[in-house]
Amino acid sequence: MAQHRITLLPGDGIGPEIMAVAVKVLKTVGETFDLTFEFQEALIGGAAIDATGEPLPAETLEMCKNSDSVLLAAIGGYKWDTLPRHLRPETGLLGLRAGLGLFANLRPATILPQLIDASSLKREVVEGVDIMVVRELTGGIYFGQPRGVFTTETGEKRGVNTMAYTDSEIDRIGRVAFETAQKRRKKLCSVDKANVLEVSQLWRDRITALAADYPDVELSHLYVDNAAMQLVRSPKQFDTIVTGNLFGDILSDAAAMLTGSIGMLPSASLGASGAGVYEPVHGSAPDIAGQDKANPLAQVLSAAMMLRYDLNQPDAANHIEQAVLRVLDQGYRTGDIIAEGNTLVGCEAMGNILIKALTEE
Ligand code: IPM
Ligand code: MG
């Protein structure tokens with residue numbers, strides 16, 4: 001019997017509600033597939049600030065390092081928005097990514113036939129969309145030095161961040177992206193701003209050089225402004241996209257929305273070795289927190305991704321993904337993906353319906 005130690009980071013807002021559903025789902029598939037999970041819960045984000053005064057307590061990072069995988073819900077909320085940067089929930093999340101060396105963020109945006117009408121774009125534009133955004137996660141302008149707000153000689157304040165990438169940082173995310181494309185439709189589009197930024201020129205040069213090692217992958221390049229336009233104009237041209245931290249942050253939200261709801265999309269953050277972090281692409285939605293309205297499916301699908309990538313349990317992952325599709329086929333929807341003729345359910349009810357779908361043949 002396989003034993004897996006999972007650190008749970010429910011975080012803030014709707015986090016605890018959707019995490020509760022994902023844990024129930026994992027326990028249920030555990031019984032079916034003879035997997036034992038040892039769950040340990042830790043604090044991150046605003047919840048950690050309230051309890052300990054810091055957004056990523058050392059104990060949390062230690063627990064994550066000592067586990068097979070980490071399932072994270074969401075962090076942040078109005079309450080902590082005005083704290084100084086080093087005490088913000090987001091700083092905890094960035095610290096977790098850096099502390100675990102999670103340089104590769106995989107964000108799939110796949111449109112489900114059941115949800116086409118929930119997309120804000122026309123059916124013919126989004127039908128069949130299946131994109132994987134590979135975002136660099138521990139470098140670029142999110143981490144570059146110098147950074148800060150400084151005072152100039154004339155007494156003016158000046159805010160500074162630095163977009164920087166080294167050869168090796170570009171190469172390691174580039175390799176993940178080429179390998180990801182090889183397992184998909186073998187098309188990779190690298191996104192940069194090489195017409196303006198030196199850092200992007202280096203990015204483009206390195207990615208181009210790497211292509212020699214992956215002759216089966218068709219590589220193209222787009223400037224980020226054009227990529228944003230193409231994503232909403234004709235998203236089906238994309239298979240795998242690789243880009244830096246900031247561009248990836250922006251483009252992955254746009255790609256997510258093609259699918260109708262950001263509430264459906266999971267993500268995986270992976271390092272060279274050790275535990276990965278699996279989390280929904282959406283945030284903590286403080287406006288609906290505690291109201292049993294949240295869509296737990298991105299959290300559940302993140303747990304499925306965890307089973308597939310970190311725990312090597314593809315059958316259990318498939319089982320969850322199929323159950324999600326069946327529940328959607330049955331017409332059940334949370335408020336974010338509701339359309340005419342569907343049955344509106346809350347977060348907990350969606351979880352219970354899903355458990356039923358998991359246990360009946
Ligand atoms: C994301 C989020 C984070 C990011 C925030 C919460 C720090 O937007 O995971 O995309 O910018 O990376
Ligand atoms: Mg984001």
Open item on the list: I'd like to compare 258-266, 330-338: which one has the highest average count of other Cβ atoms within 10 Å, and what's the full order after that?
Closed with: 258-266, 330-338
Open item on the list: Averaging over every viewing direction, what projected area does the convex hull of the Cα atoms of the stretch 130-257 cover, in nm²?
Closed with: 8.6 nm²
Open item on the list: Please list log₁₀ I(q)/I(0) at q = 0.08 Å⁻¹ for the chain, using the Debye equation with identical point scatterers on the alpha-carbon positions.
Closed with: -0.39
TODO: Principal axes first, then extents: for the Cα atoms of the stretch 3-134, list largest minus smallest coordinate on each axis, whole Å, largest first.
DONE: 50, 44, 28
Task: Over the chain: helical MRE at 222 nm, DSSP H runs n ≥ 4 each giving -39500 (n - 2.57), nearest 500 - done: -12500 deg cm²/dmol
- [ ] Using a 1.4 Å probe and ignoring any ligands, DNA or RNA, find the accessible area of D205 and quote it in Å² to the nearest 10.
- [x] 80 Å²
Open item on the list: Longer than 32 Å from Cα to Cα, which of K157/K293; K183/K293; K79/K157; K65/K193; K122/K186; K187/K293 are they? Say none if no pair is.
Closed with: K157/K293; K183/K293; K65/K193; K187/K293
Task: Nearest-20 debye value, the stretch 192-283 charge dipole, Cβ charges on Lys, Arg, Asp, Glu - done: 180 debye
- [ ] Return the carbon/sulfur percentage of the accessible area of the stretch 236-292, one whole number, probe 1.4 Å, all protein chains in place.
- [x] 57 percent
Task: Where Rh is the Kirkwood radius over Cα pairs, Rg/Rh for the stretch 1-79 - done: 1.02
- [ ] Could you tell me which of S200, T151, L137 has its Cα farthest along the dipole of the stretch 130-257 towards the positive end, charges placed at Cβ (Lys, Arg +1; Asp, Glu -1), taken about the Cα centre?
- [x] L137
Open item on the list: About the Cα centre, and with charges only on the beta carbon of Lys, Arg (+1) and Asp, Glu (-1), how big is the dipole of the chain? Nearest 20 debye, please.
Closed with: 560 debye
TODO: Answer with one residue from L301, A227, C347: the one whose Cα lies farthest towards the positive end of the charge dipole of the stretch 207-361, charges on Cβ with Lys, Arg +1 and Asp, Glu -1.
DONE: C347
Open item on the list: Using Cα-Cα distances under 8 Å and only pairs 6 or more residues apart, what relative contact order does the chain have, in percent?
Closed with: 22 percent
Task: Solvent-accessible heavy-atom area per residue, rounded to whole Å², over the chain at 1.4 Å - done: 44 Å²
Open item on the list: Give the aspartates and glutamates whose C-alpha is closer than 20 Å to that of K356, dropping any in the same chain fewer than 8 places away, or say none.
Closed with: E17, E31, D34, D292, D315, E321, D329, E348
TODO: Between the alpha-carbon centers of the stretch 74-153 and the stretch 252-293, tell me the distance in whole angstrom.
DONE: 9 Å
TODO: Work out the length of the dipole vector of the stretch 130-257 about its Cα centre, built from +1 on the beta-carbon of each Lys and Arg and -1 on the beta-carbon of each Asp and Glu, and round it to the nearest 20 debye.
DONE: 320 debye
Open item on the list: Over the stretch 130-257, what is the relative contact order in percent, taking alpha-carbon pairs closer than 8 angstrom and at least six residues apart?
Closed with: 37 percent
TODO: Using only the alpha-carbon atoms of the stretch 184-338, report the extent along each of the three principal axes, biggest first, to the nearest angstrom.
DONE: 48, 34, 27
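The values are calculated or read from the model by the stated rules, or taken from the named source; none is laboratory data. Just so we're clear, the structure is a prediction, and the values are computed from it rather than from any experiment. So basically every Cβ, Gly included, is an ideal-geometry build from the backbone, and we count neighbours across all protein chains shown. Heads up: the accessible areas ignore ligands, DNA and RNA and are worked out on the full protein's heavy atoms, side chains in. Shrake-Rupley method; radii C 1.70, N 1.55, O 1.52, S 1.80 Å.
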